[in-house]
Every structure is written in C-alpha cells, then in structure tokens.
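J.: Pasting a structure here, questions to come.
FYI, it's all coordinate maths here, none of it is from the lab. These figures come from a predicted structure and were not determined experimentally. Heads up, the Cβs are rebuilt from the backbone with ideal geometry, glycines too, and the neighbour counts pull from every protein chain shown.
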C-alpha cells in the first residue's frame with residue numbers, strides 16, 4: 001500500500017512539473033473560463049433577469065465550468081503517456097494502473113484547484129461578493145474538489161482508450177458544454193420545457209445550485225448531497241472502468 | 001543458475017496475423033544476444049512478451065528464472081527495458097526523469113537523488129542533467145532512457161532489453177550507445193537487443209538469432225552464421241542494361257541487387273571451383289559480366305540468404 005502511495009505521489013509530482021512547464025495549456029485553461037465569465041457578465045448579463053446581480057448569479061457556474069474544463073485535460077495527459085510508451089517504462093518498474101491514474105488525477109486536482117482560485121480572484125475583481133460562512137466556504141471547496149476528482153478520473157479513463165490527442169481533446173469540449181443546459185448561466189425555467197428534465201437532473205445542476213447557495217449563504221436544501229452522490233457515483237464508475245480499460249489496453 | 005532467458009513455443013497472434021509462430025530462444029547469462037530481423041518480423045512483440053508487457057497466446061518464457069506470465073513482478077524486478085522510442089519526458093530535466101524512475105522503483109528520496117547523480121555520471125550526462133530533455137540530442141536521449149531502466153540498486157538488473165536501441169541515431173550517437181551496451185555487458189548484465197542493422201548485431205552480440213515470419217530462421221555466433229550461410233559474396237558487374245536483366249533472371253533470390261551500378265552480389269563459399277561454376281552459370285555466353293570481385297560476406301548476405309528462401313533452419 002505504501003508503495004502504491006509513493007508511486008502515486010511521485011507520479012503526481014511528475015504531472016505537476018510537466019503541467020507547470022506547459023504554460024500554454026495552463027493559461028488556456030484559465031483564460032477560457034475568465035473570458036466566458038466576462039462575456040456573460042458584460043455582453044449577455046444585462047439582458048438576463050435572474051433576480052440578483054448577474055455576476056452574483058453566474059460566478060458559481062463559471063467556477064464549475066472552469067473545474068470541469070480543466071479536469072478534462074487529464075484525458076490528454078493519460079492518452080499521451082499511453083501513446084508515447086511512457087506507460088511501458090512504468091509497467092516494467094512494476095507500477096500498476098491505479099497509481100498511474102491516481103498520479104494523473106492528483107496532478108489534475110492540484111492544477112485545477114489553482115486555476116479555479118485564480119478564476120475566483122478574477123470574479124472578485126469584476127464585483128463578485130460572496131457572503132459565505134466559513135463552513136459554507138469549506139463545503140463549497142470540498143464539493144468542487146470532489147467534482148474535479150470525479151471528472152479527472154473519468155477523463156483519465158477516457159484517455160486510456162483515445163488513441164490520438166484530438167480524440168482526447170473531445171472530452172474538454174464536452175465538459176465545456178455540459179454546464180450550458182443547467183442553471184449555470186440562465187435559470188432553467190427560461191429553457192424550453194423538453195430540456196427541463198435533462199437540465200434539472202444532470203450532475204452539474206445540483207453542484208451549481210449548492211455552490212450558489214453556499215457562497216451566497218442561502219438555503220441549499222439537499223442539493224449538496226445530490227451533488228456529492230453524483231461525484232461519488234461518477235468516481236466509482238471511473239475507477240472501475242479505468243481499471244478494466246488499463247488491463248485491456250496493456251494486454 | 002538458470003539461463004537468463006529461456007522461451008519455448010512462443011506464439012502471438014494479432015487479429016489474423018501470426019506475429020510469433022512457436023519461437024524458441026535460449027540466452028545464457030552474461031551474454032549479449034541479438035534478435036535480428038526486418039520490420040514486422042516480430043522483434044518488438046518478442047521483447048514485449050519477455051519483459052512482461054504482453055502475454056503470449058501460447059508457449060512459455062522464463063526470464064532470470066521466473067515465468068513472465070505467472071511471476072510478472074519478480075521478472076520486472078530483474079529486468080530493464082529500453083523501448084523503441086525513448087520513454088523520457090521532454091519537459092523534465094535529465095535528473096528529474098531519473099529521479100522519477102528511481103522513486104517509482106522504490107528508492108527513498110535521498111537514495112533516488114544519489115542514484116540519479118550516479119547514473120548521469122555513468123552515461124556522460126552530468127553536465128546536461130539540469131537541462132530539459134527536449135534540448136538533448138537523439139543519442140543523449142537514448143542514453144538517458146537506458147539509464148532510466150537501470151535505476152534500481154546496481155546489480156539488481158540482471159537482464160536488459162533493448163528494442164532497436166539505435167534506430168534513427170546518427171553514427172556518432174550509435175557508437176556511444178554501443179559503448180554503453182558493452183560496459184553493461186562487461187559488468188555482467190545479460191543484454192537482449194533487437195536490431196535491423198546487421199553491423200550492430202555483428203559488433204555487439206555473442207549470439208544472433210535471425211527472426212523471420214515469427215520464427216528463428218537461424219541462430220549462432222556471428223562467425224558461424226557467416227560461415228554457414230554465406231562465407232563470401234561474389235559481386236558481378238553487368239556490361240550493360242540488357243546484360244543486367246539477363247543476369248538478374250539467372251541469379252537466385254538470395255542475391256543482392258543494385259541496378260544503379262548494375263551489380264549483383266551472389267553468395268558463395270569462396271572456393272575457386274564454386275566461383276568458376278557461378279560465373280559459368282550466370283554468364284554462359286561470356287558476354288554479360290564485365291567485372292567481378294570477391295568479398296568476405298557481411299551479415300547482410302546471411303540475412304538475405306535466410307529471408308529469401310524463408311525456410312526455417314538452424315546452426
């Protein structure tokens with residue numbers, strides 16, 4: 001077990017060094033959510049009536065988008081390791097699939113915690129003023145980390161089967177659009193009724209609702225639990241699938 | 001002491017292509033063994049099976065005395081692998097790459113740092129150790145890759161697998177890598193390498209197996225193979241284009257051909273009788289051959305002889 005932990009933390013360290021030196025990717029993963037936030041707040045925000053200042057409404061959604069978008073890049077780093085034979089070196093050092101993926105996920109969580117913090121900083125600059133209690137902050141951060149972990153591991157599993165960088169990049173694309181049919185940018189009631197079913201029950205919605213509630217110190221009901229349930233479910237699915245896929249790809 | 005590598009009846013099929021077809025191998029400890037073959041002969045598959053990365057469909061293999069399927073971890077602790085493409089991270093420095101590998105093989109932080117420094121020194125990379133590996137030359141990268149395979153305690157690596165270690169390297173880097181392989185072998189490590197370069201096998205290996213169609217076509221020392229399959233090569237130069245065409249029709253498929261210089265290389269044992277007979281058979285009218293020369297055969301000739309008739313055979 002301690003071997004597995006050492007291996008995972010060594011690989012996480014490697015992942016962090018690699019991403020720190022791939023500044024283009026880090027900047028892109030931060031600039032895009034910030035740009036989107038600016039676009040929504042300043043271009044569309046005036047026309048959207050959410051009952052509060054739009055910046056207050058939209059920031060939790062932007063944070064979730066940023067987290068998901070950044071976590072999705074795990075698919076690319078895993079897929080590159082598989083393609084370039086780096087994984088063969090690890091395997092001859094007797095490193096199994098779990099520490100290999102855990103290392104990638106840990107690096108992704110660190111990377112995204114940082115970029116999410118910076119996006120939050122940018123939100124402050126344009127007038128986002130959360131009124132969360134200390135407990136609310138902790139809960140919000142915890143939920144976001146759980147979400148990043150689940151999405152990272154899911155992306156890692158997808159990275160195991162995508163054979164090109166382009167295919168791995170599709171995960172990022174998907175994660176970028178998932179928050180749109182949710183309450184991230186506009187209230188769900190304003191969407192056509194056939195979308196309500198999906199928008200209300202997709203994993204991102206309870207997460208955004210909880211983030212909004214927790215950061216603004218409003219009642220959240222059971223949405224944090226639903227969000228946590230989604231994260232746990234997705235993580236379980238991802239860990240199981242990735243174990244299977246790793247064995248399949250390295251036969 | 002069991003042999004370093006012992007394989008019997010290794011078979012592997014991908015889709016409907018039988019990449020390995022009942023391959024047998026026997027490599028004594030402390031020797032350099034070269035698996036020689038063209039692209040697609042099954043060299044990489046053999047290395048992947050022996051280094052536990054792939055399981056065979058049939059057959060058994062033991063490396064350093066352990067079964068490659070049932071005792072994977074034990075095999076992995078006794079081997080190192082340098083694949084066809086240097087598996088080092090471009091945006092880590094040489095030292096960081098080695099440190100990562102050393103930590104992964106279970107060394108403590110201080111031990112990993114010491115080991116990385118030792119290996120950089122041993123492979124002549126101390127000065128480059130602090131630079132990102134994307135600034136390295138192809139040869140430096142391969143040496144780093146080789147070093148990364150040796151991060152365990154010195155002596156722990158009993159068998160070293162090198163899959164086409166010099167493919168794509170310039171002549172100087174190739175020579176440097178050969179030197180590194182010789183030093184490893186002198187230190188007692190068994191080296192199993194694959195190559196398409198006959199010169200490489202000739203220079204480095206104690207024994208060579210020629211692989212074709214997933215089987216061993218021949219096995220022996222470089223000298224044995226040359227003596228057995230083509231001691232000499234008769235080069236005949238045709239007088240003109242038509243002569244070249246006529247000569248080509250009369251030579252065996254084992255001959256080397258060079259239309260540019262209108263030269264054909266025909267295997268021979270080098271005796272006067274055989275050379276005379278060959279010249280008569282090739283040019284009964286005595287007008288097609290302008291000049292000839294007799295050469296000591298290279299492994300290229302052995303290789304062509306063997307892969308031309310595609311019949312399995314052994315020394």
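J.: Do you know the relative contact order of the stretch A:2-250, to the nearest whole percent, from alpha carbon pairs under 8 angstrom that are 6+ apart? Write down the numbers at each step before the final one.
T.: Numbers: 338 pairs, mean separation 68.5, N = 249.
Relative contact order for the stretch A:2-250 comes out at 28 percent.
J.: So for the pair residue B:17, residue B:291, with labels modelled 7 Å out along Cα→Cβ, what separation do we get in nm?
T.: So the two model labels end up 4.2 nm from each other.
J.: Let me ask another. Can you pull the Kirkwood radius for the stretch A:111-193, inverse mean 1/r over Cα pairs, to one decimal in Å?
T.: Details: mean 1/r = 0.0649 Å⁻¹.
Mean inverse Cα-Cα distance, inverted, gives 15.4 Å.
J.: For the stretch A:210-251, what Kirkwood radius comes out of the mean inverse Cα-Cα distance, in Å? Don't jump to the answer; show the numbers that get you there.
T.: Values: mean 1/r = 0.0815 Å⁻¹.
The Cα-based Kirkwood calculation yields 12.3 Å.
J.: Ok, one more. Which order, highest average first, do B:5-15, B:200-210 follow once you tally other Cβ atoms within 10 Å for each residue and take the mean per peptide? Working shown, then result.
T.: Numbers: B:5-15: 16.7, B:200-210: 22.7.
Result, highest mean Cβ count within 10 Å first: B:200-210, B:5-15.
J.: Counting DSSP beta bridges with both partners in chain B, what percentage is antiparallel, nearest 5?
T.: Working: 36 of 54 bridges.
Approximately 65 percent, going by the DSSP bridge assignments.
J.: By how many degrees, between 0 and 90 and to the nearest 10, does the Cα long axis of helix B:94-104 differ from the longest principal axis of chain B?
T.: 70
J.: How fast does the protein assembly as shown diffuse by Stokes-Einstein, in µm²/s, taking the Kirkwood radius from C-alpha pairs at 20 °C and 1.002 mPa s?
T.: Result for D is 78 µm²/s.
J.: Then there's this: Counting only DSSP beta bridges with both residues in the protein assembly as shown, tell me the antiparallel percent, nearest 5. Before the final figure, lay out the partial values.
T.: Details: 36 of 54 bridges.
Roughly 65 percent of the beta bridges in the protein assembly as shown run antiparallel, per DSSP.
J.: I want to verify the translational diffusion coefficient of the stretch A:38-192 in µm²/s; compute it with Stokes-Einstein, Rh as the Kirkwood radius over Cα pairs, at 4 °C and 1.567 mPa s. Working shown, then result.
T.: Details: Rh = 17.0 Å.
The diffusion coefficient I find is 76 µm²/s.
J.: Taking Cα centroids, how far is the stretch A:1-66 from the stretch A:89-112 in Å?
T.: Their Cα centres are 21 Å away from one another.
J.: When the scattering of the stretch B:124-171 is computed by the Debye formula from its Cα atoms alone, each counted once and equally, what is log10 I(q)/I(0) at q = 0.14, 0.15, 0.16, 0.27 Å⁻¹?
T.: Values returned for q = 0.14, 0.15, 0.16, 0.27 Å⁻¹ are -0.41, -0.47, -0.53, -1.09.
J.: Would you order A:124, B:303 from fewest to most other beta-carbon atoms within 10 Å of each residue's own beta-carbon?
T.: Ranked by crowding around the Cβ, least crowded first: A:124, B:303.
J.: If you take the beta carbon distance between residue B:227 and residue B:196 as r and set R0 to 25 Å, what does 1/(1 + (r/R0)^6) give as a FRET efficiency, to the nearest 0.05? Don't jump to the answer; show the numbers that get you there.
T.: Values: r = 22 Å, r/R0 = 0.90.
Plugging the Cβ-Cβ distance into 1/(1 + (r/R0)^6) gives 0.65.
J.: Continuing with the same structure: Go ahead and set up a Gaussian network model of chain B, Cα springs under 10 Å, then flag whichever of B:103, B:18, B:172 fluctuates most.
T.: Of B:103, B:18, B:172, the most mobile in the Gaussian network model is B:172.
J.: Over chain B, with a Gaussian network built from C-alpha contacts below 10 Å, which listed residue (B:19, B:191, B:275) shows the highest mean-square fluctuation?
T.: B:275
J.: Counting other C-beta atoms within 10 Å, which of A:183, B:108 has the fewest, and how do the rest follow? Show your work: numbers first, answer last.
T.: Working: A:183 23, B:108 11.
Least crowded to most crowded, the residues run B:108, A:183.
J.: Which FRET efficiency value, to the nearest 0.05, do you get for residue A:4 and residue A:194 by plugging their Cβ-Cβ distance into 1/(1 + (r/R0)^6) with R0 = 41 Å?
T.: Working: r = 47 Å, r/R0 = 1.14.
The calculated FRET efficiency here is 0.30.
J.: I'd like the mean, over residues of A:6-18, of how many other protein chain beta carbons sit within 10 Å of each residue's own Cβ. Don't skip to the answer; put the middle values down first.
T.: Values: counts 6, 4, 0, 1, 9, 3, 0, 4, 9, 1, 0, 6, 5.
So the per-residue partner count for this stretch is 4.
J.: Could you tell me the center-to-center distance, by alpha carbons, between the stretch B:79-133 and the stretch A:143-175 in angstrom?
T.: Taking the Cα centre of each part, the stretch B:79-133 and the stretch A:143-175 sit 29 Å apart.
J.: Give me a single rounded figure for A:75-87: the average over its residues of other chain Cβ atoms within 10 Å of their Cβ. Numbers along the way, then the final one.
T.: Numbers: counts 0, 0, 0, 0, 0, 1, 2, 0, 1, 7, 9, 6, 2.
Shielding by partners across A:75-87 averages 2.
J.: Also: Please state the relative contact order of chain B as a whole percent: Cα pairs under 8 Å, 6+ residues apart? Present the calculation step by step, with values, prior to reporting the outcome.
T.: Details: 631 pairs, mean separation 61.5, N = 315.
Relative contact order, chain B: 20 percent.
J.: What 222 nm value per residue comes from the helices of chain B, counting each DSSP H run with n ≥ 4 as -39,500 (n - 2.57) and dividing by all residues, nearest 500 deg cm²/dmol? Please list the in-between numbers first.
T.: Values: 11 runs with 114 residues, N = 315.
Result for chain B: -11000 deg cm²/dmol, rounded to the nearest 500.
J.: Find, to one decimal place in angstroms, the Kirkwood hydrodynamic radius of the stretch B:68-202, where the mean of 1/r is taken over every pair of different Cα atoms and then inverted. Each step should come with its number before you reach the end.
T.: On the way: mean 1/r = 0.0666 Å⁻¹.
After inverting the pairwise mean of 1/r, the radius is 15.0 Å.
J.: Any chance you could get the radius of gyration and Dmax over the Cα atoms of chain B, in Å?
T.: Reported Rg and Dmax, both Å: 22.6, 78.
J.: Take A:230, B:99 and order them by how many other Cβ atoms sit within 10 Å, fewest up front. Present the calculation step by step, with values, prior to reporting the outcome.
T.: Working: A:230 20, B:99 24.
If I rank by nearby Cβ atoms, fewest first, I get A:230, B:99.
J.: Hey, how many Å between the Cα centroid of the stretch B:187-230 and the Cα centroid of the stretch A:180-209?
T.: Comparing the Cα centres of the stretch B:187-230 and the stretch A:180-209, I get a distance of 66 Å.
J.: Same structure again: What's the average, rounded to a whole number, of partner chain beta-carbon atoms within 10 Å of each residue's beta-carbon in B:67-78? Intermediate results must be reported in sequence, preceding the final value.
T.: Numbers: counts 0, 0, 0, 0, 0, 2, 2, 1, 2, 5, 3, 0.
For this peptide, the per-residue mean of nearby foreign Cβ atoms is 1.
J.: Before rounding to the nearest 500, sum -39500 (n - 2.57) across all DSSP H runs of length at least 4 in chain A and divide by the residue total; then give [θ] at 222 nm in deg cm²/dmol. Don't skip to the end; give the middle numbers.
T.: Details: 11 runs with 188 residues, N = 251.
Mean residue ellipticity at 222 nm (helix-derived): -25000 deg cm²/dmol.
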